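Participant: Below is the structure I would like to discuss, written out as structure tokens.
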Amino acid sequence: MPATPPVDLAAGIRDLKARLKAVILAHYYQEGEIQDIADFVGDSLQLAREAARSDAQVIVFCGVHFMAETAKILSPQRPVLLPDLAAGCSLADSAEPEAFRRFVAAHPGHTVVTYVNSSAAVKAMSDVCCTSSNAVQVVQSIPPGQGVVFAPDQYLGDWVARQTGRELVLWPGSCEIHEMFSAEAIAAMRRDHPGCIVLVHPECPAPVRAHADVVGSTKALLDAVKAGPEAATWLVVTEPGIIHAMRKARPRGTFLTAPAGVRGEQGGCTSCNTCPHMRRNTLEKVWRCMAEQAPQVHLDPDLIARARRPIERMLAIG
Ligand code: 13P
């Protein structure tokens, strides 16, 4: 018999958190009400660090599957709960492990840098992981002249190649959300909102990034808002879940979401910028996974050992 959720879900979650001695980690792309009950809200890198550092008995991961998997790899002895096991990632899915094995084998002698938006099986075939926060630093840590495979996000890889001046062999993956933003729509919004500051995630294609005032991870974009004027207008070219934290930081700011596709034409739509996987998590599912201590992320211990090495290498880089 499934348990009946309480009317006050937030209070129910707080109660379960105390009973389970759990920590709730949430990505900036989660619904605002989930971010508000979390102990820690952050980008992929911050959440991986927090999962490694936490001494809680249970980790409740409000994000997508690869993020919870990373937490499990770093804390294999602790249960890691994910409110909805089906919360996937188009980027992680774009690197199917067998095809990835062949790609790596076709580039012998290369250092394999893998974005954390990937499965544990793909991480296990990699030399070092990165997130959008530290990808430039990770590539810079590899000696010049050494060949580098960068996977699975071709657009992040292209941005890193331009930032570092390095030639990277790119796996042709992409995020279904960031790939859909349109340079034309952003240019039109700039004209409609003169003086707006354009914030772009590096998973966007180069023509979209070309319109940016700031390119960076969700944390870097939030930091730009915190450091910016009190009442500016910001055009946010990433998943709009991050706007919750931006509004808290700058209550007098105006935050515009960027549409996917050209304004007025097919695809000129502001809901296409919302990640359907991140949004699978709801407050009720957070409560339920804690009440039932399921679903949990389970990984083979041997896979954990192999996937852990590139993540730890990344964390050591700084
Ligand atoms: P960051 O958390 O590194 O900003 O990126 C998250 C992500 O998955 C973007 O799609």
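The values are calculated or read from the model by the stated rules, or taken from the named source; none is laboratory data. Keep in mind it's a predicted model, so treat the numbers as computed, not measured. With ideal geometry, Cβ positions are generated from the backbone for all residues, glycine too; neighbour counts draw on all protein chains shown.
Participant: Checking HIS27 against (1) surrounded by 19 or more Cβ atoms within 10 Å (Cβ to Cβ); (2) farther than 28 Å from MET180 by Cβ, which single condition isn't satisfied?
Facilitator: (2)
Participant: Could you list, in sequence order, the residues of segment 274-296 that are assigned to a loop (DSSP other than H, G, I, E, B), among the polar types (S, T, N, Q) and surrounded by fewer than 21 Cβ atoms within 10 Å (Cβ to Cβ)?
Facilitator: The answer is THR274, THR282, GLN293.
Participant: Separate question: Which pairs have Cβ atoms under 9 Å, sit 6 or more apart or on different chains, and link a residue in segment 29-44 that is closer than 12 Å to ALA10 by Cα to one that is assigned to a loop (DSSP other than H, G, I, E, B) and within 11 Å of the ligand (Cβ to nearest atom)?
Facilitator: Pairs that qualify, where the first residue is closer than 12 Å to ALA10 by Cα and the partner is assigned to a loop (DSSP other than H, G, I, E, B) and within 11 Å of the ligand (Cβ to nearest atom), are GLN35/TYR28.
Participant: Based on what the data block shows, is ALA106 surrounded by fewer than 19 Cβ atoms within 10 Å (Cβ to Cβ) and aliphatic (A, V, I, L, M)?
Facilitator: yes
Participant: Pairs under 9 Å by beta carbon, first residue small (Gly, Ala, Ser) and away from the ligand (no atom under 13 Å from the Cβ) in segment 110-125, partner assigned to a strand (DSSP E or B) and at pLDDT below 95, six or more apart or different chains?
Facilitator: none
Participant: Which ones in segment 77-99 are touching a residue at least 40 places away in the same chain (Cβ under 8 Å) and part of a loop (DSSP other than H, G, I, E, B)?
Facilitator: PRO79, LEU82, PRO83, ASP84, LEU85, ALA86, ALA87, GLY88, CYS89, ALA95
Participant: Take the residues in segment 157-170 that are within 16 Å of the ligand (Cβ to nearest atom) and surrounded by fewer than 18 Cβ atoms within 10 Å (Cβ to Cβ); name whichever of them is nearest to SER90 (Cα to Cα).
Facilitator: This residue is ASP158.
Participant: For segment 5-37, how many residues are assigned to a helix (DSSP H, G or I) and of a type outside the set (Lys, Arg)? Explain how you work it out, then say what you get.
Facilitator: In the first step, residues of segment 5-37 are kept if they are assigned to a helix (DSSP H, G or I); the result is 9-20, 32-37.
Remaining after also requiring of a type outside the set (Lys, Arg): 9-13, 15-16, 18, 20, 32-37.
Qualifying residue count for the region: 15.
Participant: Additional query: Here's a check for you: in segment 200-248, which residue that is surrounded by fewer than 21 Cβ atoms within 10 Å (Cβ to Cβ) and of a type in the set (Asp, Glu) is nearest to the ligand (Cβ to nearest atom)?
Facilitator: Checking each candidate, the answer is ASP223.
Participant: Let me ask something additional. Give the residue that is farthest from ASP36 (Cα to Cα), with candidates limited to residues of segment 86-99 that are touching a helix residue (DSSP H, G or I) at 6+ places or on another chain (Cβ under 7 Å) and away from the ligand (no atom under 13 Å from the Cβ).
Facilitator: Selected residue: PRO97.
Participant: Of the conditions (1) over 22 Å from the mean Cα position of the chain (by Cα); (2) modelled with pLDDT under 95, PHE181 satisfies every one except a single condition; which number is it?
Facilitator: Checking PHE181 against (1) over 22 Å from the mean Cα position of the chain (by Cα); (2) modelled with pLDDT under 95, the one that fails is (1).
Participant: Tell me, yes or no, whether segment 207-222 has at least one residue that is among the β-branched types (Val, Ile, Thr) and within 26 Å of LYS72 (Cβ to Cβ).
Facilitator: Our first condition is that a residue be among the β-branched types (Val, Ile, Thr); within segment 207-222, this holds for 208, 214-215, 218.
Subsequent filtering for residues that are within 26 Å of LYS72 (Cβ to Cβ) retains 218.
Within segment 207-222, one or more residues are among the β-branched types (Val, Ile, Thr) and within 26 Å of LYS72 (Cβ to Cβ).
Participant: Could you check how many residues of segment 252-274 are in contact with a strand residue (DSSP E or B) (Cβ under 7 Å, 6 or more places away or on another chain) and at pLDDT below 65?
Facilitator: Number of matching residues: 4.
Participant: Now, a different point. Looking only at segment 171-199, count how many residues are in a helix (DSSP H, G or I) and either free of Cβ contacts under 8 Å to residues at least 60 places away in the same chain or within 16 Å of the ligand (Cβ to nearest atom) (or both). Break it down stepwise before answering.
Facilitator: If we filter segment 171-199 for residues that are in a helix (DSSP H, G or I), which is where we start, we get 178-180, 183-192.
From what's left, either free of Cβ contacts under 8 Å to residues at least 60 places away in the same chain or within 16 Å of the ligand (Cβ to nearest atom) (or both): 178-180, 183, 187, 190-192.
Count: 8.
Participant: Any residue at all in segment 155-173 that's within 15 Å of PHE66 (Cα to Cα) and either out of contact with any His (no Cβ under 6 Å at 6 or more places or on another chain) or at pLDDT 95 or above (or both)?
Facilitator: no
Participant: Determine the pairs where a residue that is in contact (Cβ under 8 Å) with a residue 60 or more places away in the chain, located within segment 56-67, has a partner that is of a type in the set (Ser, Thr, Tyr) and within 16 Å of the ligand (Cβ to nearest atom) with Cβ atoms under 8 Å apart, the partner being 6 or more residues away or on another chain.
Facilitator: Cβ pairs passing all conditions: GLY63/TYR29.
Participant: Would you pick out the residues in segment 26-39 that are touching a Ser or Thr at 6+ places or on another chain (Cβ under 8 Å) and under 19 Å from ILE73 (Cα atoms)?
Facilitator: The one that is touching a Ser or Thr at 6+ places or on another chain (Cβ under 8 Å) and under 19 Å from ILE73 (Cα atoms): HIS27.
Participant: Out of ILE186, ILE177, ILE197, which single residue is more than 30 Å from PRO108 (Cα to Cα), aliphatic (A, V, I, L, M) and touching a Cys at 6+ places or on another chain (Cβ under 6 Å)?
Facilitator: One residue alone meets the criteria, ILE177.
Participant: Oh, and also: Of the residues in segment 38-61, how many are within 22 Å of PRO202 (Cα to Cα) and either more than 14 Å from the ligand (Cβ to nearest atom) or in a strand (DSSP E or B) (or both)? Can you show your working first?
Facilitator: Step one: of segment 38-61, the residues within 22 Å of PRO202 (Cα to Cα) are 41-49.
When the remaining residues are screened for being either more than 14 Å from the ligand (Cβ to nearest atom) or in a strand (DSSP E or B) (or both), the result is 41-42.
Adding up the residues that qualify gives 2.
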